[in-house]
Amino acid sequence: MTVMPRDHEWTVDDLARTPDDGLRYELVDGVLLVSAAPSTVHQIVLVELLALLREACPPDARTLVAPTDYQPTRRRSLQPDVLVAWRRDVGETSITAPLLLAVEVLSPSTRSVDLLLKRGLYEESGVAAYWVVDPLVPSIQAWALQDGAYVDAGYAEGCQQLHVDRPFRVTVTPQDLLDP
């Protein structure tokens with residue numbers, strides 16, 4: 001991940017002028033973060049998780065993948081690997097209302113950002129649930145927003161099952177995300 005310097009803060013308007021070059025461009029409080037394209041393993045996990053969540057989510061919600069922009073402020077634009085939002089909140093180019101769920105699949109270059117920075121940003125922005133999938137273990141950690149702060153909603157690794165009820169009922173087995 002690279003931080004792009006600038007003589008003034010970046011905004012969501014600036015993102016519209018970034019190149020379509022396969023890189024991921026995200027804004028954190030006016031600072032541009034640029035990430036490399038994900039690995040094949042990352043994409044396998046993402047596709048399996050997308051299918052699982054799409055089947056489980058309520059009919060008035062939509063499941064999407066990066067590079068869908070979640071823009072809770074003019075100075076923040078995040079691209080969760082997988083996200084779930086109410087259909088009414090999905091705009092033509094971005095989503096500004098708090099998400100039901102944001103999921104990040106860890107990569108070596110984004111591990112700290114996903115576990116620390118993004119967790120705090122999603123929590124502060126009112127995202128109802130946040131999951132982190134680690135394909136190397138394999139494991140999944142889930143948090144749910146309660147009174148404005150994330151609380152542990154469950155953890156599973158390998159063939160263990162993670163059962164969550166919020167933001168909707170779903171069961172995930174981390175190993176199945178890699179080897180369906």
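General observations
- Restricting attention to the stretch 25-37, the residues that are surrounded by 17 or more Cβ atoms within 10 Å (Cβ to Cβ) and either of a type outside the set (V, I, T) or touching a Cys at 6+ places or on another chain (Cβ under 7 Å) (or both) add up to 6.
- Odd one out for D114, checked against (1) at pLDDT below 95; (2) more than 23 Å from L33 (Cα to Cα); (3) acidic (D, E): (2)
- Any hit, the stretch 94-117, residues being over 20 Å from T40 (Cα atoms), open to solvent by 50 Å² or more (accessible area, probe 1.4 Å) and among the charged types (D, E, K, R): no
- Qualifying positions in the stretch 91-126 - within 15 Å of R24 (Cβ to Cβ) and of a type in the set (D, E): E104, D114
- Long-range neighbours under 8 Å by Cβ, at least six apart or interchain, first residue touching a residue at least 60 places away in the same chain (Cβ under 8 Å) within the stretch 20-40, second of a type in the set (D, E) and part of a loop (DSSP other than H, G, I, E, B): P38/D81
- The lone criterion from (1) of a type in the set (K, R); (2) in contact with a Leu (Cβ under 7 Å, 6 or more places away or on another chain); (3) more than 23 Å from L23 (Cβ to Cβ) left unmet by R76 is number (3).
- Selection from the stretch 70-109 of residues that are in a strand (DSSP E or B) and among the β-branched types (V, I, T): T73, V82, V84, V90, I95, V103, V105
- Total residues in the stretch 54-87, condition open to solvent by less than 30 Å² (accessible area, probe 1.4 Å), touching a residue at least 24 places away in the same chain (Cβ under 8 Å) and among the hydroxyl-bearing types (S, T, Y): 2
- The C-beta contact set for the stretch 89-118 (first residue closer than 19 Å to W131 by Cβ, second residue assigned to a helix (DSSP H, G or I) and hydroxyl-bearing (S, T, Y), distance under 8 angstrom, 6+ apart or interchain) comprises L99/Y122; A102/Y122.
- All conditions in (1) part of a helix (DSSP H, G or I); (2) out of contact with any helix residue (DSSP H, G or I) (no Cβ under 8 Å at 6 or more places or on another chain); (3) closer than 30 Å to D165 by Cβ hold for L64, with the sole exception of (1).
The values are calculated or read from the model by the stated rules, or taken from the named source; none is laboratory data. Please read all numbers here as calculations on a predicted model, not as lab measurements. Here the Cβ is made from the backbone with ideal geometry for all residues, glycine too, and neighbour counts use every protein chain on show. Accessible surface areas use protein heavy atoms only, side chains included; no ligands, DNA or RNA. Shrake-Rupley method; radii C 1.70, N 1.55, O 1.52, S 1.80 Å.
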